[in-house]
Amino acid sequence: MATSLIRRAMNVTSRVSSSTVAPASRLVLVRPYASEAEAQKVEPKAAASTNMKTFQIYRWNPDNPAKPQLQDYKIDLKECGPMVLDALIKIKNEIDPSLTFRRSCREGICGSCAMNINGCNGLACLTKIESGSSETTITPLPHMFVIKDLVVDMTNFYNQYKSIEPWLKRKNPPPTAGKEIPQSKKDRAKLDGMYECILCACCSTSCPSYWWNPESYLGPAALLHANRWISDSRDEYTKERLDAVNDEYKLYRCHTILNCARACPKGLNPGKQIQHIKQLQLTG
Amino acid sequence: MASSLALKRLVSSNILPSSLRVVRPIVTAPSTSRISSTNAMRDGNDVFDPLSPTMSPSQVVNTRDQLMKNPFFSSSRGMATLAKGNEGETGEQKNILRPLSPHLPIYKPQLNSTLSISNRISGAFLTTVLLFSYLLSLKMGSLCLTYSSFYQFFFYSAKLFLVSASVSALAMSYHTYYGIRHLLMDLLKVGVPKVK
């Protein structure tokens, strides 16, 4: 407050003194903060050097079908955001507009930008670009049919999710008609670690078992959701859900390789949920 | 159409293992003969023949979804990428085989996956060693008497038996430890690796 008073006093005096005084003379006045003129000054670039990084990106065009290739792009990391998605968008804007990839929220909640970065599945919007001069290799989600460049066909994945019937099923009406079905905090806590799944398919496409049996094995994502509905205390079809999954191929292709837990960008553990289902099958 | 689709899915999912799925080469649709029929349901030698399943359930679903979107698209063999042909020629389609994204060569090996695959490899190795040594010990005499080169080979490689014995011992112990860990993980939730 004192500074604003002083500022107003100085403004009055300087205005009164002369309007022809050059703006530079104002800067001589003692001020603890920058004036408007100072703030408008743009600093020269911090360094003239650039930090180039090479991205090797999987390309395949259905309009000119040939063997898929890895194409190199060089990006200056000093003019790019920290995440891989920022680099992809920069490449698409400035270098090659034909690069095709899915993206939406850029904050790790929609699951569109799932792809394989440097050998590990993850969301492009959450994966930081590795510093250092090594190349970053970006390929689509493993063992999926490629529609174009980094876009894969997710139909099978979504159908498997549909097949476990991911909705509440009850035999009896709710205890208080017309009101919500009550659930204790403890029961609600059982769903933690499962409801956060965004169906990005990073886990299922990291599982070698899912690679070799994509249509018969449900995959970690669908089984995680199956467990979510099995563990829901409000759902009354638990036994039927367990029987539906209790199949040599649908559930027991899981050999606890646990690549899924390592790949999940939300930090979930589908392997643990699958083990839970297997235990429930044992105990009936 | 729905019933033939259902029958096809039934047939292909139960009977046909995935290894027999036939890979179709790139096919370019002929310009006039297939476009004239606007009805997507054609019988005969088309894909929806339930007696010769050529599409796996996901491909059937893929095709069905695309057919539902546009009934003028012709059905295709193999994977149904229905890319439009040249501009201006309505209805000309190319049937293109979609590539599979790279998996084994590019995926980074991790501790958990390496341990798991070593378990499988050691199991397969032990199986072959067991069967092979059993057969060999039974038939060694008659083999060596009939094939002299065999006898030479075994004579000179006799020292290697100790090496192979220790390798099998390593495989046996690893397989046993992993098996016990698997049991503990499944039944008692002991030793599950932490996430990240």
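Computed from the coordinates by the stated procedures, all read-outs in this text should not be read as laboratory data. What you see is a predicted model; the values in this text were computed from it and never measured. Here the Cβ positions follow ideal geometry from the backbone for every residue, glycine too, while neighbour counts run over all protein chains shown.
Listed here are the pairs A:K250/A:K278; A:K53/A:K90; A:K179/A:K239; which of them are more than 19 Å apart at the Cα? Intermediate results must be reported in sequence, preceding the final value.
Values: A:K250/A:K278 12 Å; A:K53/A:K90 13 Å; A:K179/A:K239 25 Å.
From the list (A:K250/A:K278; A:K53/A:K90; A:K179/A:K239), the Cα-Cα distance tops 19 Å for A:K179/A:K239.
Annotation for region A:152-217: trypsin sites (Lys or Arg not before Pro) lying in DSSP loop with at most 12 further Cβ atoms inside 10 Å of their Cβ are A:R170, A:K171, A:K179. Considering only chymotrypsin sites (Phe, Trp or Tyr not before Pro) in DSSP loops that have at most 15 other Cβ atoms within 10 Å, the longest stretch of chain A without any of them is A:34-166.
Ranking A:Q281, A:C80, A:L258 by Cα position along the charge dipole of chain A, where only Lys, Arg, Asp and Glu carry charges on their C-beta atoms, puts A:C80 farthest toward the positive end.
If the only charges are +1 at each Lys and Arg Cβ and -1 at each Asp and Glu Cβ, what is the size of the charge dipole of region A:81-185 around the Cα centre, to the nearest 20 debye?
The dipole of region A:81-185 has a size of about 740 debye.
Pull out a ≥ b ≥ c, the square roots of the eigenvalues of the alpha-carbon gyration tensor of chain A, then state rounded if a/c is under 1.5, prolate if not and a/b is larger than b/c, and oblate in the remaining case. The shape class here is oblate. Return the FRET efficiency for the residue pair A:R170, A:K266: r is the Cβ-Cβ distance, R0 is 30 Å, and the value is rounded to the nearest 0.05. The computed FRET efficiency comes out at 0.55.
Using a 4.7 Å Cβ-Cβ cutoff, the cysteines of chain A lacking any partner cysteine are A:C80, A:C113, A:C120, A:C125, A:C197, A:C200, A:C202, A:C207, A:C254, A:C264.
If a spin label sat at a point 7 angstrom from the Cα of A:K179 along the line to its beta carbon, the backbone N atoms of region A:204-243 nearer than 17 Å would be those of A:234. Taking a ≥ b ≥ c as the square roots of the Cα gyration tensor eigenvalues, with a/c under 1.5 meaning rounded and otherwise prolate when a/b beats b/c, else oblate, which class fits region A:74-165? Note, shape of region A:74-165 comes out prolate.
Checking every one of the GluC sites (Glu not before Pro) in region A:149-232 against DSSP loop status and a limit of 15 other Cβ atoms within 10 Å picks out A:E180, A:E196. Our helix-only sum for chain A, with -39,500 (n - 2.57) per DSSP H run of n ≥ 4 divided by its residues, gives a mean residue ellipticity at 222 nm of -8500 deg cm²/dmol.
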